[in-house]
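These notes are about the structure you will find just below.
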Amino acid sequence: MNPLVIWSKNGQNPQKISVICDLSESMFIHLEDSQLEYDEIQKKIKTWADNHELNLIFFKLGRKITKLDNLKSLDLTTDFRAITDFISFEQPHQILLITDVTENFLEA
């Protein structure tokens, strides 16, 4: 019998999830029609993440994806071009994209 015992401990690291918010004019129109607000949506997502021990970082979708400081800043259009660079540099485990753009547009 070998007297050397090696202990190993399994641990979990919270997943790094990037939440990218589309703050285009059309999103705000949809929110007005549905009586929802971004603050409310963000709070619900944060609560869900806390309950599941997830590490969320909120970002704003634009020509350059930047950390979200203000939910009230409005962009005129939706621009997805920066997503590939964002994934390469930030390397999130998962991305949650909040947008109103239809599935057909994303496939093009």
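The values are calculated or read from the model by the stated rules, or taken from the named source; none is laboratory data. No experiment lies behind these values; they were computed from the predicted model shown. Cβ atoms come from the backbone with ideal geometry, glycine included; neighbour counts cover every protein chain shown. Keep in mind that these areas ignore ligands, DNA and RNA; they rest on the heavy atoms of the full protein, side chains included. Shrake-Rupley method; radii C 1.70, N 1.55, O 1.52, S 1.80 Å.
Tabulated data for the structure shown
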| read-out | value |
| --- | --- |
| Complete set of residues in the stretch 1-44 that are modelled with pLDDT under 80 and of a type in the set (Lys, Arg) | Lys9 |
| Those residues of the stretch 9-19 which are of a type outside the set (Gly, Ala, Ser) and either without any contact (Cβ under 8 Å) to a residue 40 or more places away in the chain or under 27 Å from Asp85 (Cβ atoms) (or both), in sequence order | Lys9, Asn10, Asn13, Pro14, Gln15, Lys16, Ile17, Val19 |
| Residue in the stretch 53-70 that is part of a loop (DSSP other than H, G, I, E, B), acidic (Asp, Glu) and more than 21 Å from Val101 (Cβ to Cβ) present | yes |
| Count - residues of the stretch 13-55 that are charged (D, E, K, R), in contact with a Pro (Cβ under 7 Å, 6 or more places away or on another chain) and within 16 Å of Lys67 (Cα to Cα) | 1 |
| Residue in the stretch 2-39 that is surrounded by the fewest Cβ atoms within 10 Å (Cβ to Cβ), counting only those that are assigned to a helix (DSSP H, G or I) and within 15 Å of the chain's Cα centre (by Cα) | Asp39 |
| Total residues in the stretch 20-40, condition hydrophobic (A, V, I, L, M, F, W, C) and more than 20 Å from Ile83 (Cβ to Cβ) | 4 |
| Search result, residues across the stretch 58-97 that are of a type in the set (Phe, Trp, Tyr) and either open to solvent by 70 Å² or more (accessible area, probe 1.4 Å) or at pLDDT below 80 (or both) | Phe89 |
